[in-house]
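Every number here is computed from the coordinates shown, using simple stated rules; none is lab data. Just so it is clear, the structure is predicted and the values come from calculations on it, not from any experiment. Because the Cβ atoms are built from the backbone with ideal geometry, glycine has one as well, and the counts that use them run over all protein chains shown.
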Amino acid sequence: MSVVSESKKDSASSTAPTGAAKTRPGALAESGSPLVRPPAAAHLTDEQVAELGRELDAIRDDILAKRGASDAAYIRRVIKIQRGLEISGRAALLVSKNKAAWVTGTTLLSLAKILENMEIGHNVLHGQWDWMRDPDIHSTTWEWDFVTPSRSWQHTHNDLHHRWTNVVGKDNDVGYNLLRMDESQPWVPMNLGNPLYNAILAPLFEWGIAIYDLELNDFKEGKKSKEALLKDLKALGKKVVTQFTKDYAATPAVAMLTGSGKQALYGTLTANAVRNVWAHAVIFCGHFPEGTDTFSEEMVEGETRGDWYVRQMIGSANISGSKFMHLMTGNLSHQIEHHLFPDLPSNRYAEVAPLVREICERYGLKYTTGPLLKQVGSTWGKIFRLALPGKAARA
């Protein structure tokens, strides 16, 4: 099996948009086991892993069969709410010389940007809504409110990160080429700045991801051609112009008519920073709290679909909370379920979560979850700990 999910098959249609992301790398073995199973799954036999895979496939197939009008209505409703928040927020910023209008406009725009990035953009770009065959809500046509171009992000995130989740040496999301996030990564003096780098990265997260998506390390190592890098730089440049025009030119320029230009600029800057900090927190809490495992390359050599499922479960973490919190995280608070089924509609993850947790318990696998503050604290604790030399014990 050459891909992790089969969402492209589900969404294939002569009427659907074309030009989807590149074919995902890596082939999954039909049977057998990897060279070494992760310690947390070492007690499982090949047949147990295969049966676990069949159980999870059945859950996925059940949700795919149930997708329908209510799901389509959900995403269209969320998009409508998001656009209403953005229009209202920008309108308030046009008169933001008034402090109440500034607070209102900045808050509404922050919420709009979080919703667009998390529950809409991220999930649309995963192909979760391609089955609707709506060219306006499709993974090949959506361009999100984030400075990195959608196509570049789909490659590094969908194609690479989701295939090689937490595999040190293959998944560069482990630290984003900046942070030391695993004890198997050799310590160097610059790692002492781990907490500082992360504190800077949080409010500038979209810019960090944009630079990361250029795959500069691959270019330096000769794995990426100069032509490919220039193409990506050109796409990024166009996206930067679009984002700057919308946030830092158009809105403040109109606001100048009421003497609120400077305040509108500060409002959009603040909204982007709030969105970035929130996205950073959610994503880091889904991958790096104590209890999540990382993997060596030999642990994925010969990996079957069942083994891939196991790795997603023990290498990801959830965030417990209210329905509103789940919505604002883009349902990435169900990170385990998202990594198992990245192409399922996000509004279905809450339905799937109890089934996944029961399977974990039955097969003796960890199901890492906790409230937001606990997961944030755990993640920052790891960042501080791994800033220091020495090999720390795994949780």
Expressed as an acute angle from 0 to 90° and rounded to the nearest 10, what is the orientation of the C-alpha long axis of helix 261-287 relative to the principal long axis of the chain? 10 degrees
Please give me the summed charge of the neighbours of Pro252: other residues whose Cβ is under 14 Å from its Cβ, Lys and Arg +1, Asp and Glu -1. +3
Ranked output for segments 120-131, 216-227 by mean other Cβ atoms within 10 Å, highest leading, reads 120-131, 216-227
If you plug each phi of segment 115-128 into the Karplus form 6.51 cos²θ - 1.76 cosθ + 1.60 with θ = phi - 60°, what whole-Hz ³J(HN,Hα) values come out, in order, with x for Gly and Pro? 4, 5, 5, 8, 7, 9, x, 3, 7, 4, 5, 7, x, 5
For the pairs Lys66/Lys366; Lys239/Lys382; Lys323/Lys366; Lys80/Lys262, note any where the Cα-Cα span goes beyond 32 Å. Lys239/Lys382
Please give the helix 69-93 orientation as an angle from the longest Cα principal axis of the chain, in degrees from 0 to 90, rounded to the nearest 10. 40 degrees
From the backbone phi of segment 350-364, what are the Karplus-calculated ³J(HN,Hα) couplings (6.51 cos²θ - 1.76 cosθ + 1.60, θ = phi - 60°) in whole Hz, Gly and Pro given as x? 4, 5, 7, 3, x, 5, 5, 4, 5, 5, 4, 5, 5, 9, x
Please give the peptides 160-167, 240-247, 348-355 ranked by average Cβ packing (other Cβ atoms within 10 Å per residue), highest first, as a rough proxy for protection. 160-167, 348-355, 240-247
What percent of all Cα-Cα pairs in the chain falls in each 10 Å bin, counting up from 0? 5, 22, 32, 27, 11, 3, 0
